[in-house]
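Worksheet: the structure to be examined is printed underneath.
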Amino acid sequence: MIAAMVILGFFASSGMGAPLLARFDGGIGVIPVSTGVGQGPQAEVVNRNLVRGVQPPGQIWVIRELRAVVGADGRIKVDGRGLLLGGGNNIGGNANASVFATLICEATAPFVEHSTTQDVPLEANGDFRIDDVLVPEPPLECASPVLLIRNAANSAWFAAGILAE
């Protein structure tokens, strides 16, 4: 109950002067490989899990919670919780990563990436907050919005927002 009140307060106090372009409620962590084929217990050929042309990282990442609002003026606020490695020897760690957000409005190529201007370090528990603007400014209508949380070091995507109705 308290967490819900904090999240509602986050959106109520977002200070978005412009109308909302998109809102995201929930997040999906990345699984770097979407499919694999081969005869043995290991795939010989894999298809990386690209999202609208953006590469995934080399390891699984999970996210416990994600909320975001994007204004028609390009202002964006993101509240992320528990963005951590979901596999490998450093499972449960944040890999000392910093993140930024990207909004993509097109469903088919060519894709235009509207990204935040500042990187935000992940806290030890994977929490982060972004309060920034998207550059370039997004279009007034975003027909098929996808929000990606990306690694500042190599621009790979770690998590995606779930579009709210």
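Every read-out reported here was derived from the displayed coordinates using simple, explicitly stated rules and does not represent laboratory data. Just so it is clear, the structure is predicted and the values come from calculations on it, not from any experiment. Note: ideal-geometry Cβ built from the backbone for every residue, glycine included; neighbour counts use all protein chains shown.
For A152, state whether it is in contact with a strand residue (DSSP E or B) (Cβ under 6 Å, 6 or more places away or on another chain), surrounded by fewer than 18 Cβ atoms within 10 Å (Cβ to Cβ) and of a type in the set (A, V, I, L, M).
So A152 passes the test.
The lone criterion from (1) closer than 14 Å to L148 by Cβ; (2) touching a helix residue (DSSP H, G or I) at 6+ places or on another chain (Cβ under 9 Å); (3) of a type in the set (D, E, K, R) left unmet by K77 is number (1). Scanning region 91-107 for residues that are over 14 Å from the mean Cα position of the chain (by Cα) and within 16 Å of N154 (Cβ to Cβ) yields N94, A95, N96.
Would you confirm whether or not region 59-73 contains a residue that is surrounded by fewer than 16 Cβ atoms within 10 Å (Cβ to Cβ), of a type in the set (G, A, S) and either on the phi < 0 side of the Ramachandran plot or part of a loop (DSSP other than H, G, I, E, B) (or both)? No, every residue in region 59-73 fails to be surrounded by fewer than 16 Cβ atoms within 10 Å (Cβ to Cβ), of a type in the set (G, A, S) and either on the phi < 0 side of the Ramachandran plot or part of a loop (DSSP other than H, G, I, E, B) (or both).
Restricting attention to region 134-153, does a residue exist that is among the small types (G, A, S) and in contact with a Phe, Trp or Tyr (Cβ under 6 Å, 6 or more places away or on another chain)? Yes, region 134-153 contains at least one residue that is among the small types (G, A, S) and in contact with a Phe, Trp or Tyr (Cβ under 6 Å, 6 or more places away or on another chain).
Could you run through region 20-50 and say how many residues are outside any strand (DSSP E or B) and either under 20 Å from A156 (Cα atoms) or touching a Leu at 6+ places or on another chain (Cβ under 7 Å) (or both)? Before you say what the answer is, go through the steps one by one.
Of the residues in region 20-50, the ones outside any strand (DSSP E or B) are 30-32, 38-44, 49-50.
Next, only the ones that are either under 20 Å from A156 (Cα atoms) or touching a Leu at 6+ places or on another chain (Cβ under 7 Å) (or both) stay: 30-32, 49-50.
Summing the residues that are outside any strand (DSSP E or B) and either under 20 Å from A156 (Cα atoms) or touching a Leu at 6+ places or on another chain (Cβ under 7 Å) (or both) in region 20-50 gives 5.
Rundown of residues vs (1) in a strand (DSSP E or B); (2) under 12 Å from I63 (Cβ atoms); (3) touching a Ser or Thr at 6+ places or on another chain (Cβ under 7 Å), yes/no style:
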residue: G126; (1), (2), (3): no, yes, no
residue: I130; (1), (2), (3): yes, no, yes
residue: V133; (1), (2), (3): yes, no, yes
residue: E137; (1), (2), (3): no, no, no
residue: E141; (1), (2), (3): no, no, no
residue: R150; (1), (2), (3): yes, no, yes
residue: N154; (1), (2), (3): no, no, no
residue: G161; (1), (2), (3): yes, yes, no
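Tell me yes or no: at least one residue of region 35-57 is within 16 Å of A160 (Cα to Cα) and hydroxyl-bearing (S, T, Y). Within region 35-57, not a single residue is within 16 Å of A160 (Cα to Cα) and hydroxyl-bearing (S, T, Y). Tallying residues that are over 17 Å from L50 (Cα atoms) and not acidic (D, E) within region 131-151 yields 9.
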